[in-house]
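Below is one structure, written out as structure tokens; the observations come after it.
The values are calculated or read from the model by the stated rules, or taken from the named source; none is laboratory data. Worth saying up front: this structure is predicted, and the values here are computed from it rather than measured. Virtual Cβ from ideal backbone geometry, glycine too; neighbours counted across all protein chains shown. For accessibility, only protein heavy atoms count, side chains too; no ligands or nucleic acids. Shrake-Rupley method; radii C 1.70, N 1.55, O 1.52, S 1.80 Å.
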Amino acid sequence: MNFMFNISFLIVVLCFGSNEATCHKNTLAFQNGLTLSQSTLDVHCKSKDNDLGDHFVNFKDPAYNFSFHDNVVFTTKFNCGLYWSSDNHVYRQTFVAYTGGLFRCGALFVWNARDDALYLSENGKPEKLMYGWIIQ
């Protein structure tokens, strides 16, 4: 039984490895849609292996984005924290922005930070409300 698992796992790894060259990277993008406050958005994302640090997106600036391949065992996960301030309040939210999928190639996840909440568009589909802001 263990031998069959090892053979099956090896086949999956070899198939995924051979497709990586033709598999486009997945992309996470973060837009500043804070139209009322026009505040600067602070984006901080990290995975188990990579801390991407703070990136600041001004209102009307291009989105901050990064691209990556899912790891071989499909455990790629990016946790992100978004922060902005206005009127003596800090607005924040931390969340899982991406979780790997089976042979996911070329996926585009666009997170739009609006004054009222965070919205997500996956692969060009209409945005969905995902998270409200925590206000401090």
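A 1.4 Å probe over all protein chains sorts H69, H89 by accessible area into H89, H69, starting with the largest.
The amide H of S85, built 1.01 Å from its N in the peptide plane, has T40, Y91 as neighbours under 5 Å, considering only residues 5 or more places off or on other chains. Just to check I understand the Karplus step: with θ = phi - 60° and J = 6.51 cos²θ - 1.76 cosθ + 1.60, what whole-Hz values come out for segment 120-136, glycine and proline as x? Going residue by residue, I get 10, 10, 9, 6, x, 6, x, 5, 10, 5, 10, 9, x, 7, 8, 9, 10 Hz, with x marking Gly and Pro. Straightening the chain between T40 and D87 buys 15.6 nm, computed as 0.36 nm per residue apart minus the Cα-Cα spacing. Computed from phi, the 3J(HN,Hα) profile of segment 26-41 under the Karplus parametrisation 6.51, -1.76, 1.60 (θ = phi - 60°) reads 7, 10, 10, 10, 10, 9, 9, x, 7, 5, 6, 8, 6, 6, 7, 9 Hz, with x in place of Gly and Pro.
Database remark: amide H of Y64 closer than 5 angstrom to the amide H of F30 (H placed geometrically; neighbours at sequence offset of 5 or more, or on other chains; Pro and chain starts carry no H).
Rounded, prolate or oblate for segment 31-94? Axes are the square roots of the Cα gyration tensor eigenvalues, ordered a ≥ b ≥ c, and the cut-off for rounded is a/c under 1.5. Note, shape of segment 31-94 comes out prolate. The value for segment 25-136 of Rg(Cα) / (2.2 N^0.38 Å) is 1.05. Computed with a 1.4 Å probe over protein heavy atoms only, the accessible surface of segment 35-104 comes to 59 Å² per residue. Backbone N atoms of segment 116-136 closer than 20 Å to the 7 Å Cα→Cβ label point of T94 belong to residues 117-119, 130-136.
For segment 68-118, the fraction of C-alpha pairs more than 19 angstrom apart is 41%.
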